[in-house]
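Following: one structure in structure tokens, then a few remarks.
Readers should treat all values here as calculations from the given coordinates under stated rules, not as data from a laboratory. On a predicted model such as this, the values are computed, not experimentally measured, just so you know. Backbone-built Cβ (ideal geometry, glycine too); neighbour counts: all protein chains shown.
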Amino acid sequence: MTGTFKEKIQAIAAKYLVPSYYGYAFPFDADNPLSVTPEEGEYIHDFILDKGIESAIEIGTGTGYSGLYMATALKNLYTIDNGSCFTHLEHPREELRTLWESMCEDMGLTNIKFLWRDEPFELPKVDMLFIDGAHGGDLPYQDFVEYSPHLKDKHWVLWHDWDITFVRDSVAKTGYNYKLISLPHTYGLVIAEKK
Ligand SMILES: C[S@@+](CC[C@H](N)C(=O)[O-])C[C@H]1O[C@@H](n2cnc3c(N)ncnc32)[C@H](O)[C@@H]1O
């Protein structure tokens, strides 16, 4: 596939996904808007390059769309899903993995590891955590607590679909000093930077 990384990702989205009221969804699940928007994807891609971030964990693989934007800027991406948005499918894990791997192959990416949350795996220490899994109650905070041990001392945590108040309260509980950046994308994208 030729073109810039943005053109390639858009071609892959057109092939495997359907536009939703924001971002993209799977064709078999068109009313379930799952993905980040192209604008968010590009912002995150550029942010990763700008900060020299090399490795990241994503909670919530979803359509795989956000993963493409991140992996084109990273050395390694570990993306984790629990399949909870796809329990209505007959063979969700097989279907999703086939789609994700096809998208990566089309993109020429070999640096994404797809992981199921309930299966055993090992994670190295990474520079960045992107939280976009469960969105109810304090579940994103619980994801933050569970995956923080896999973050290097200096790191970034990106919270998709959360406002700055929730993130400020969450990081305050760590006792560490985080610098927060809140971006007016869709339902909110907040970046917490720990130096
Ligand atoms: C909003 S979507 C992720 C969108 C994705 N980042 C993208 O751009 O396509 C949320 C995803 O998180 C998964 N999920 C929900 N709760 C989860 C959890 N506790 N751990 C891991 N994944 C979870 C769902 O199955 C769904 O695929």
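Please identify the GluC sites (Glu not before Pro) of segment 94-195 that satisfy two criteria: DSSP loop assignment and at most 15 other Cβ atoms within 10 Å. Which are they?
Those that pass, being in a loop and sparsely packed, are E122.
Loop-only check: which chymotrypsin sites (Phe, Trp or Tyr not before Pro) in segment 1-109 are DSSP coil with at most 12 other Cβ within 10 angstrom?
Qualifying residues, ordered by number: Y21.
Which of the pairs K6/K195; K15/K125; K8/K51; K15/K51 have their Cα atoms more than 28 Å apart in this structure?
The answer is K6/K195; K15/K125; K15/K51.
Antiparallel as a % of all DSSP beta bridges within the chain, to the nearest 5?
40 percent
Full-extension gain between V18 and N111, please, as 0.36 nm times their residue separation minus the C-alpha to C-alpha distance.
Residue separation times 0.36 nm, minus the Cα-Cα distance, leaves 31.0 nm.
Using just the helices of the chain, give the 222 nm mean residue ellipticity in deg cm²/dmol: DSSP H runs with n ≥ 4 each add -39,500 (n - 2.57), and the total is spread over all residues, rounded to 500. Intermediate values should be presented prior to the final figure.
Values: 6 runs with 67 residues, N = 195.
After summing the helix terms and dividing by residue count, I get -10500 deg cm²/dmol.
Eigenvalues of the Cα gyration tensor times 5, then square-rooted: what semi-axes does that give for the chain, in whole angstrom, largest first?
Semi-axes, largest first: 25, 18, 17 Å.
How much length would be gained if the chain were fully extended between Y187 and L49, taking 0.36 nm per residue of separation minus their Cα-Cα distance, in nm to one decimal?
Net length gain for the segment: 47.3 nm.
Which trypsin sites (Lys or Arg not before Pro) in segment 66-110 pass both tests, a DSSP loop state and at most 16 other beta-carbon atoms within 10 Å?
Passing sites in segment 66-110 are K75.
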